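The structure under discussion appears below in the form of C-alpha cells.
The values are calculated or read from the model by the stated rules, or taken from the named source; none is laboratory data. Please read these numbers as outputs of a predicted model, since none were measured by experiment. Note: ideal-geometry Cβ built from the backbone for every residue, glycine included; neighbour counts use all protein chains shown.
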Amino acid sequence: MAGLIDQADGTRRRPEEVIDRAREAWQASMLRPIDELAGRLRALDPAGIARRAGGTFDGRSLELSYWQTTVRLLWPGLTAVHAQDGKPCATFDQAMLLYYLNAADGAPLAGRWIGYRELPDGGFYHQAYQGYSGDRLARAFGDHPQALQPAAEALGGEATDALGTLAYVFKPLPRIRLAAVLWPGDEEFRARGAVLFDAASSHYMTTDGLALLGGGLAGRLARAAPPPA
C-alpha cells in the first residue's frame, strides 16, 4: 500500500524521501500546540514541575539539561533560552522541552530497554522510525564500526555491555535515556542498528516525541563520525 501511495503523484520516491516526509510531518504537528502546552504548565507549581522532570527552579526560571547543554525556561512565559548566553532556543527545541515538562510524572528509570514498537501506539510507525534511526546508524557506521566510539563519546555517550559489543547510552533529557546499538555486518549479514528507549520513557515524552529524539540521536551520531581513515 505504501508503495502505491508514494507513486500517486506520478513519481516513485526513494524510501529515504518517504521517511523524511513522515518525520517532517511529525515535527510540524508537534510545533502547533506550543501555546497550549505552556498554558497547562503555568497552572502548575513550577517547583513541582522541576522536581518531576529532574530540573531545578530558582523562582525565576526552570533549569534542566538538554542534549549536553543547560537550558532555562523563564517563568511564567516559559520561553526557553540557553543558560550560557541567554539566546533563545530553536522553536523545535522549545516544543520538545514543553512536551517533556508536561509529560514528566517523576517515575523512576526502569533499567530495561525496549524498542519503539513497545511504546504506546508505537507499532504502527515502527518501520518508519527504524528507517531514520537504526538503519541510519547502520548506514553511517556499518562499514567502519570503530568510528562509533569517538562519535558516541563526543555526544556524552557511555558504553554499556548490556546490549551488545557496540552500544552506548545517552541522556538527551534528565529522565529520558536512549541507547544506540550497532551490530557490525560480515560476509553473510549486513550491519544492523537500533535506537532503544528505557522502558519508563513514555512517562516523560509522547511517542512521537520519542521518535524524534531517537532519530535525532542517530543524526547527531552520523554527523559526529570522524572521516574514514
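When only residues in segment 73-90 that are assigned to a strand (DSSP E or B) and under 17 Å from residue 35 (Cα atoms) count, which is farthest from the chain's Cα centre (by Cα)?
Of everything passing the filter in segment 73-90, 74 is farthest from the chain's Cα centre (by Cα).
The rows are residues; the columns are (1) out of contact with any His (no Cβ under 7 Å at 6 or more places or on another chain); (2) modelled with pLDDT of 95 or more; (3) farther than 30 Å from residue 98 by Cβ.
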| position | (1), (2), (3) |
| --- | --- |
| 144 | yes, no, yes |
| 148 | yes, yes, yes |
| 154 | yes, yes, no |
| 161 | yes, no, yes |
| 164 | yes, no, yes |
| 172 | yes, yes, no |
| 185 | yes, no, yes |
| 194 | yes, yes, no |
| 198 | yes, yes, no |
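When segment 34-46 is examined, which residues are found to be surrounded by 15 or more Cβ atoms within 10 Å (Cβ to Cβ) and without any contact (Cβ under 8 Å) to a residue 40 or more places away in the chain?
Matches in segment 34-46: 46 only.
Kindly check whether there is at least one residue in segment 91-110 that is over 17 Å from the mean Cα position of the chain (by Cα), in a strand (DSSP E or B), within 17 Å of residue 174 (Cβ to Cβ) and not β-branched (Val, Ile, Thr).
There is no residue in segment 91-110 that is over 17 Å from the mean Cα position of the chain (by Cα), in a strand (DSSP E or B), within 17 Å of residue 174 (Cβ to Cβ) and not β-branched (Val, Ile, Thr).
When you look at residue 138, is it touching a Ser or Thr at 6+ places or on another chain (Cβ under 7 Å) and of a type in the set (A, V, I, L, M, F, W, C), yes or no?
no
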